[in-house]
1. If B:ASP45 satisfies every condition in (1) assigned to a helix (DSSP H, G or I); (2) among the acidic types (Asp, Glu); (3) within 14 Å of chain A (Cβ to nearest Cβ) but one, which is the exception?
2. Name the single residue, out of those in the range A:25-56 being small (Gly, Ala, Ser) and under 24 Å from A:VAL211 (Cα atoms), that is most open to solvent (accessible area, probe 1.4 Å).
3. Just to check your reading of the model, which residue among A:LEU172, A:LEU146 is at pLDDT 95 or above and either surrounded by fewer than 21 Cβ atoms within 10 Å (Cβ to Cβ) or assigned to a loop (DSSP other than H, G, I, E, B) (or both)?
4. Which residue, of A:MET103, A:MET95, is in contact (Cβ under 8 Å) with a residue 12 or more places away in the chain and under 26 Å from the mean Cα position of the chain (by Cα)?
5. Does the range A:13-24 include one or more residues that are open to solvent by 50 Å² or more (accessible area, probe 1.4 Å) and either closer than 30 Å to B:LYS53 by Cβ or small (Gly, Ala, Ser) (or both)?
6. Checking B:HIS43 against (1) in contact (Cβ under 8 Å) with a residue 12 or more places away in the chain; (2) open to solvent by 50 Å² or more (accessible area, probe 1.4 Å); (3) under 14 Å from the mean Cα position of the chain (by Cα): exactly one of these is not met. Which one?
7. Over 19 Å from A:PHE79 (Cα atoms), open to solvent by 20 Å² or more (accessible area, probe 1.4 Å), more than 13 Å from the chain's Cα centre (by Cα) and away from every other protein chain (no Cβ under 14 Å): is that true of B:GLN10 in this structure?
Amino acid sequence: MKIAIASGKGGTGKTTLAVNLALAAGAPVCLLDCDVEAPNAHLFLKATPAHERVVTIPIPVVDEALCDGCGLCSQFCAFNAIVSFGTVPVIAPEMCHGCGGCMRVCPQKAIREIDNRIGVVETLHAGDLTLVQGRLDIGVALAPPLIHAVKKEASGDLIIMDAPPGTSCPVLATLREVDFVLLVTEPTPFGLNDLRLAVEVVRELGLPFGVVINRASDQDSYVRPYLEEEKITLLAEIPDDRRIAQAYAKGEPLIHALPDYQPLFKKLFQTLCEAA
Amino acid sequence: MKIAFTTTGQDLAAPMDLRFGRAAKFLVFDTDTKTSVLIDNTHADASQGAGIKAAETIVKAGATTLVTGDCGPKAFNALKQAGVKIYSAKAMTVADALEALLAQKLSEITSA
């Protein structure tokens with residue numbers, strides 16, 4: 001079973017939900033930190049590093065002796081990463097998505113590929129919990145291939161994924177082929193706006209989903225009315241409790257620092273198991 | 001010699017567009033025939049690589065000199081590869097920039 005925690009808006013509680021659900025599972029679990037631009041689930045787990053793998057994507061190099069400057073590579077590239085002026089093409093490796101198209105269309109067979117490092121996938125252990133996280137190299141903009149590498153490294157029957165914020169390619173790379181998406185939001189105009197966008201994404205992907213409201217308050221005139229109107233399942237509400245922020249600031253998992261929240265997370269985990 | 005200018009307008013009287021890759025249009029002026037050709041920047045809204053495509057556009061139009069506001073490192077490298085000289089001209093019309101270039105009053109951009 002694969003459950004992804006996503007949000008649209010950043011800072012709503014994806015990592016809090018993902019870490020505490022993993023800890024509440026009471027079974028061997030694989031937690032994937034797919035926010036490869038800023039992985040932070042490890043901050044809440046005293047996990048021991050087990051191994052690390054370098055992730056690369058193929059980028060083109062041109063054999064100047066074979067290239068006749070026809071420019072077909074340049075016409076093909078949808079990402080403007082290779083461009084020809086009737087001479088040997090100029091390559092911008094940081095824009096290349098590694099699709100290999102330029103190599104295929106080159107009539108002179110002047111293009112070959114070399115591996116270009118984009119980051120690492122790290123595996124760590126904390127008891128029954130295996131944490132797999134991607135770490136994109138500084139200056140690299142291409143998150144999806146690293147996210148795919150993180151997902152490939154997953155093991156076991158129960159996989160919980162901490163998605164990146166937003167609704168763009170890295171989020172789609174995370175959400176594809178999951179069994180259930182938990183969208184976490186906060187009862188603010190920004191939380192609602194980005195929740196709407198995230199709901200559009202998961203509906204487009206045809207994935208079952210439900211919502212958790214974090215920092216919930218009784219005066220929520222934003223998210224609750226929207227969920228009712230759209231007939232979206234409200235899975236749980238985590239109250240706006242100062243003690244949660246204090247535990248977070250100390251890097252302590254919520255359900256360890258505040259055991260009174262254990263029932264909430266165990267029940268939420270059970271609900272997800274039934275829904276997925 | 002053909003000189004490419006980045007512009008927001010239609011002719012020599014129009015203001016310069018200070019962006020290169022995201023410029024609205026390129027006006028290519030031929031100093032031999034004293035005629036100019038206007039080219040739309042079809043890649044102005046590209047999600048990435050607009051500067052590189054802009055370089056390709058003006059080189060294909062035969063320009064060997066570019067006058068613009070600024071250009072980014074990727075466009076700069078592409079233009080250098082093609083042997084295009086780049087000059088910076090700010091807050092003036094295309095005609096003023098042309099005059100300043102021919103009077104050697106514009107500074108060449110030699111690094112990105």
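The values are calculated or read from the model by the stated rules, or taken from the named source; none is laboratory data. It should be emphasised that the depicted structure is a prediction, and the values quoted were computed from it without experimental measurement. FYI the Cβ positions are ideal-geometry reconstructions off the backbone, even for glycines, and counts take in every protein chain you see. Protein only, heavy atoms only, side chains kept; ligands, DNA and RNA dropped before computing areas. Shrake-Rupley method; radii C 1.70, N 1.55, O 1.52, S 1.80 Å.
1. (1)
2. Let us first name the residues in the range A:25-56 that are small (Gly, Ala, Ser), namely A:25-27, A:38, A:41, A:47, A:50.
Imposing the further condition that a residue be under 24 Å from A:VAL211 (Cα atoms) reduces the set to A:25-27, A:38, A:41.
Details: A:ALA25: 18, A:GLY26: 70, A:ALA27: 37, A:ALA38: 54, A:ALA41: 1 Å².
Among those that are small (Gly, Ala, Ser) and under 24 Å from A:VAL211 (Cα atoms), it is A:GLY26.
3. Values: A:LEU146 fails: either surrounded by fewer than 21 Cβ atoms within 10 Å (Cβ to Cβ) or assigned to a loop (DSSP other than H, G, I, E, B) (or both).
Being at pLDDT 95 or above and either surrounded by fewer than 21 Cβ atoms within 10 Å (Cβ to Cβ) or assigned to a loop (DSSP other than H, G, I, E, B) (or both) holds for just one of A:LEU172, A:LEU146, which is A:LEU172.
4. On the way: A:MET103 fails: under 26 Å from the mean Cα position of the chain (by Cα).
Being in contact (Cβ under 8 Å) with a residue 12 or more places away in the chain and under 26 Å from the mean Cα position of the chain (by Cα) holds for just one of A:MET103, A:MET95, which is A:MET95.
5. no
6. So B:HIS43 meets the others, but not (3).
7. Details: over 19 Å from A:PHE79 (Cα atoms): yes; open to solvent by 20 Å² or more (accessible area, probe 1.4 Å): yes; more than 13 Å from the chain's Cα centre (by Cα): yes; away from every other protein chain (no Cβ under 14 Å): yes.
So B:GLN10 fits the description; yes.
Yes or no, residue by residue, for (1) acidic (Asp, Glu); (2) open to solvent by less than 80 Å² (accessible area, probe 1.4 Å):
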site: A:TYR222; (1), (2): no, no
site: A:GLU228; (1), (2): yes, no
site: A:ALA247; (1), (2): no, yes
site: A:ALA257; (1), (2): no, yes
site: A:LEU264; (1), (2): no, yes
site: A:GLN270; (1), (2): no, no
